[in-house]
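Structure first, then comments.
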Amino acid sequence: MRSYLILGKHQLGLQRAILLALIFFTGVLAIGLHRYFTFYASYDQGLFNQLFWNTLRGSWFQSSLTSANSIASLADGVIPTVSFLHLGQHLVLDFLLWMPLYALFPHPAMLIVLQVALMTLGGLVLYALARHYLSSQLSLWIVGSYYGAIAVIAPTLANFYEQCQIPLFTFGCLLALEKQRWGWFWLCVLLVLGLREDAGIILFGIGVYLILSRRHPWVGLAVCLISFSYVAFVTNAILPRISEDSSRLYLANRFGQFVDSPNPTSMQVLWGMMTKPIVLLSSLFLPLDRRFSYLAAHWLPLAFVSALSASAWTIAGFPLLALLAQSGKSALAINLRYAVAVVPGVFYGTILWWSHHPNAFKPKLRRFWGICIALSLVFTVINNPNRSLSFIIPDSIRPWVFVPITRQWEHANQIRQVIRNVPDGASVSTTTYLIPHLSSRRAIVRLPTLQIRDDRKEIITVDYAVADLWQMQEYQKAFADSRDSLRATLPVLEKISADGTYGVLQVQDGVVLMQKGVSSNPEAIAAWQTLQARMNSSVKSAPN
């Protein structure tokens, strides 16, 4: 009878964990799909969709959008090519796992569903990991913290990225470790390595923990050697053979303070960190307020217990160090994908802390913990991650920028009426927020670029140009990227329409469609002239 009651409690805890997962999945998916279908998903959503779309058709890991974002195009002015290999930037081998699913539903929105599903499943594996040490009640609080963490919700609401696989595979690795299922453990190690080349840093932290804790020192040593060797080999031997992006685009820009070379290797960056301790300490701790607020955002949903866990510091410390050492602000943006790399160490370390302090789980602390989770959710909403909540949260207060949900859907319907006239197989150049919806094709680039190198290695001018100028105008009042895009795109569209290279086919709600080598539609050209005047006036009145 007693074993039956224990089993019943366990089942009740699991049922509640599944309920939390369903709430998270349903809510986040609804917001994510709304973001996509109202044209707030941006460049990388289209990039990864094109990557899957090309791979499905035998052009493995190729992307013209990756090419346009490569150092060759950005810095050297090389024309983007349809056959550019994305693996030159990141070795995302695990994408092959999801190709059968994408083959069933080959649509950009499928990647949103996949991302939310993977992050949701990560929480359920976390529950199983917590139950290895903790009661079902305490494990539920851990899972609730996961689903309420800004470092989980915000990246899930971003464009699709490879980091969405991190919680599932890393928590799976840790769960297999606790159960001593070594076959599954090493399989999960391989899956983590297959995420992308720098995911080995997460495993390195796990290996160091296993050594220092003396739980499985030889396994820890093996994990450290495998992860370090993998990262070093891929970044120094494989990626440079495909493109210079790993060194020039990423290492030089993000870790340039540690090296003098414009084309450094990962080993040179590591050596620079070791030989420039003052620079490293400055990168790790300054500015202090920004570092603390970033850490606090990770600790908040767990009631700051993770800050007390030596295990959390050990495991999460290595991916955290890699983020803190980077120059620029994007690495320490809690609402971006990079924050997910820190999540497994923080949560696993918290589980280990609670396993040694079970008596601390008292009503007063539970009340405080509940307040912390609620605050994490409030801060997530206020932060409006990746403009996913722009239908309820203003994008800017001063100046005021707010597009209500009715206007979002009205404009989205107008866009769809325009882009449906772009043939599936045509080459196209378009603006950032239209890219995901037009990315299921071989040749696509971002305006103001109009040329691309095709499969015959010939440089061609794209068949269609389509731009959402309304979106740029609406947001240029507060955002420099929209302002710069409008100033770069508008003159190009004016030129190609004026010289007859492209004919204006359709103008609708600030969205203009042009086709190469055809005559303009008389009604469309009149609307285009009116739109030009309005946009030029807007550009002149916008802040510099």
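The values are calculated or read from the model by the stated rules, or taken from the named source; none is laboratory data. Computed from a prediction, not measured in an experiment: that's the story for all the values here. Glycine also receives a Cβ, built like all others from the backbone with ideal geometry; neighbour counts cover every protein chain displayed.
Is it the case that ALA158 is hydrophobic (A, V, I, L, M, F, W, C) and assigned to a loop (DSSP other than H, G, I, E, B)? Outline the logic, then answer.
On the way: hydrophobic (A, V, I, L, M, F, W, C): yes; assigned to a loop (DSSP other than H, G, I, E, B): yes.
Against the criterion (hydrophobic (A, V, I, L, M, F, W, C) and assigned to a loop (DSSP other than H, G, I, E, B)), ALA158 qualifies.
Can you tell me which condition ALA526 does not meet? The list is (1) in contact (Cβ under 8 Å) with a residue 24 or more places away in the chain; (2) loosely packed, with under 14 Cβ neighbours inside 10 Å; (3) among the aliphatic types (A, V, I, L, M), and all the others hold.
(1)
Go through PHE285, PHE258 for me and flag whichever is within 28 Å of HIS86 (Cβ to Cβ) and among the aromatic types (Phe, Trp, Tyr).
Only one candidate passes the filter, namely PHE258.
Residues are listed down the side, and each one gets a yes or a no for (1) in contact with a strand residue (DSSP E or B) (Cβ under 8 Å, 6 or more places away or on another chain); (2) on the phi > 0 side of the Ramachandran plot; (3) surrounded by fewer than 24 Cβ atoms within 10 Å (Cβ to Cβ); (4) part of a helix (DSSP H, G or I):
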residue	(1), (2), (3), (4)
LEU29	no, no, yes, yes
GLN45	no, no, no, yes
GLN50	yes, no, no, yes
THR55	yes, no, yes, yes
GLY58	no, yes, yes, no
SER67	yes, no, no, yes
VAL78	no, no, yes, no
SER83	yes, no, yes, no
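For SER145, all conditions in the list (1) within 17 Å of the chain's Cα centre (by Cα); (2) at pLDDT 95 or above hold save one; what is the number of the exception?
(1)
Name the single residue that is nearest to the chain's Cα centre (by Cα) among those in the range 434-462 being β-branched (Val, Ile, Thr) and buried (at least 21 other Cβ atoms within 10 Å of the Cβ).
Looking at residues that are β-branched (Val, Ile, Thr) and buried (at least 21 other Cβ atoms within 10 Å of the Cβ), I get ILE435.
Quick grid of which residues meet (1) over 21 Å from LEU74 (Cβ atoms); (2) part of a helix (DSSP H, G or I); (3) touching a Lys or Arg at 6+ places or on another chain (Cβ under 6 Å); (4) among the small types (Gly, Ala, Ser):
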| residue | (1), (2), (3), (4) |
| --- | --- |
| ILE226 | yes, yes, no, no |
| VAL234 | yes, yes, no, no |
| ILE238 | yes, yes, no, no |
| ARG241 | no, yes, no, no |
| SER247 | no, yes, no, yes |
| SER261 | no, no, no, yes |
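Take LEU321 and tell me if it is in contact (Cβ under 8 Å) with a residue 24 or more places away in the chain, in contact with a Ser or Thr (Cβ under 8 Å, 6 or more places away or on another chain) and either surrounded by fewer than 14 Cβ atoms within 10 Å (Cβ to Cβ) or in a helix (DSSP H, G or I) (or both).
no
Kindly evaluate LYS495 against the criterion of being basic (Lys, Arg), in contact (Cβ under 8 Å) with a residue 24 or more places away in the chain and surrounded by fewer than 20 Cβ atoms within 10 Å (Cβ to Cβ).
Answer is no for this residue.
Of all residues in the range 205-260, which are aromatic (Phe, Trp, Tyr) and under 30 Å from LEU177 (Cα atoms)? Walk me through how you get there before you give the answer.
Kept after step one, since they are aromatic (Phe, Trp, Tyr), are these residues of the range 205-260: 209, 218, 228, 230, 233, 250, 255, 258.
TYR209, TRP218, PHE228, TYR230, PHE233, listed by residue number.
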